[in-house]
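A short worksheet on the structure shown next.
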Amino acid sequence: MIIYEGPRDYEFAVIPHAKRLVEALETLGMKIREFSIQGRILTLNGYFVLHLQGELIIERAGLMFKTLPQVLVELIEDMEENIKKELKPLGMFVYLRPSDIKITYEEKPKANESLVIDCPEEIKKECERFGKGVLIDLRDKGIAIDTLVISSYVVGRTLKVRVTVVPNGETEGIEEVVKKKIAYLERTIKGYNISLEKVEVITPKIKPVLGFVLIRKRSIEREADEIVQNEEVKSVLAKIREPSENHRK
């Protein structure tokens, strides 16, 4: 968010270049919560000068934390130079030093989400990455999660996936995030057709443990039913029954 407090006649030059600075930082993996800028007109030796100061609130600096001061110096100098070009035809000078921008780190506390993976061992790594991706996207949307369960099982050449979510409050948008993220499994797991069975959201009214037991019970029952319906299994069962039936005769 860009906040400008100063002469309105010059915000047309300040705000766009402030946005470009924020965009440049975000392309480097940072997350900016707010960039506030204050401007005031000074008179120096008969010249009008727009003096800019501000504060940059960084929510996540990532791997750029150590090099951030150097990067910011260059970006702020570029910002000053570009604003000067905009305002020079109006007879206005610009003064903005890197030290005039205060840097504040306000990283969000790490979430206490629990990720449970119940998948075949050979694809466990991919399912875990899928789950972590879902958690990140939900967090970015402001949806707090207590527990996320990723369950999957193989039937023939199909990998059936079930996602169970226990949120801490807001539930809207959860299913949309999961459906969008399932494309990751489709790209990374070869040789299987990926089928998203269900996205189940367990509200606080339902005890999570009971919910997980019921979900797993239904999953096992469905899997057993599909196995029994398999033609090869039917053939084997028929052969097993033959000696028993002959013995009765």
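Taking (1) part of a helix (DSSP H, G or I); (2) surrounded by 13 or more Cβ atoms within 10 Å (Cβ to Cβ); (3) assigned by TED's automatic domain parsing to the domain that holds Ala61 in turn, Glu175 satisfies each apart from (3). In this structure, Val14 does not qualify as modelled with pLDDT of 90 or more, part of a helix (DSSP H, G or I) and within 27 Å of Lys141 (Cβ to Cβ). Checked against (1) surrounded by 14 or more Cβ atoms within 10 Å (Cβ to Cβ); (2) among the polar types (S, T, N, Q); (3) more than 30 Å from Gly54 (Cα to Cα), Ser114 passes all but a single condition, namely (1). Candidates in the range 140-191 are the residues that are polar (S, T, N, Q) and in contact with a Ser or Thr (Cβ under 6 Å, 6 or more places away or on another chain); of these, the one that is nearest to Arg33 (Cα to Cα) is Thr147. For the range 134-154, the set of residues classified as surrounded by 16 or more Cβ atoms within 10 Å (Cβ to Cβ) and out of contact with any strand residue (DSSP E or B) (no Cβ under 8 Å at 6 or more places or on another chain) consists of Asp137 only. The residue of the range 134-172 that is farthest from Val116 (Cα to Cα), among those that are among the polar types (S, T, N, Q) and in a loop (DSSP other than H, G, I, E, B), is Thr171.
For the range 120-133, the set of residues classified as in a helix (DSSP H, G or I) and either hydroxyl-bearing (Ser, Thr, Tyr) or out of contact with any Pro (no Cβ under 9 Å at 6 or more places or on another chain) (or both) consists of Glu121, Glu122, Ile123, Lys124, Lys125, Glu126, Glu128, Arg129, Phe130, Gly131, Lys132, Gly133, listed by residue number.
The residues of the range 26-41 that are within 19 Å of the chain's Cα centre (by Cα) and exposed (fewer than 13 other Cβ atoms within 10 Å of the Cβ), listed by number, are Glu26, Thr27, Gly29. The residue pairs whose first member lies in the range 155-179 and is under 15 Å from Ser195 (Cα atoms), whose second member is in a loop (DSSP other than H, G, I, E, B) and among the polar types (S, T, N, Q), and whose beta carbons are closer than 9 Å, counting only pairs six or more residues apart or on different chains, are Val155/Asn230; Gly156/Asn230.
Can you confirm whether Gly54 is in contact with a strand residue (DSSP E or B) (Cβ under 6 Å, 6 or more places away or on another chain) and either without any contact (Cβ under 8 Å) to a residue 40 or more places away in the chain or within 19 Å of Ile32 (Cα to Cα) (or both)?
Here the answer is yes, as Gly54 does meet what is asked.
The values are calculated or read from the model by the stated rules, or taken from the named source; none is laboratory data. Computed from a predicted structure; not experimentally measured. Note that we place each Cβ from the backbone using ideal geometry, even for glycine, and neighbour counts take in every protein chain shown.
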